[in-house]
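Undergrad: There's a structure below that I have some questions on.
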Amino acid sequence: MTTTQTPAPAPYVPAHDGMCPLGPHLVCADFNAMPQRMWRTDRQDWPCEGCGAPMTRTYAPATGWSAWRPATR
């Protein structure tokens, strides 16, 4: 009897900056749900709406908003 090995799956890469880095879903589906105070800062913390993991992104004038990433605090 022979066994066949399947190749290891490729690591997940989000399709765009608004997607969760942990899975194929949006971190925030409706930015209108974010409190106004979160738009007056250079850091946004938000629980992922798909998996519930705490996420963060930062703003830099030269590059704009970063992609979402898991919060480290």
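Undergrad: For CYS48, enumerate residues with amide H under 5 Å from its amide H, sequence gap 5+ or separate chain, H modeled in the peptide plane.
TA: Close amide H contacts, sequence-distant or interchain: ALA53, MET55.
Undergrad: In addition: Here are labelled values, (1) 41, 12, 7; (2) 33, 13, 10; (3) 19, 14, 11, and one is the computed semi-axes √(5λ) of the Cα gyration tensor in Å for what I pasted. Which one?
TA: Of the labelled values, this structure produces (2).
Coordinate-derived values only; no laboratory data. Predicted model, so just to flag it, every value in this text is computed and none were measured.
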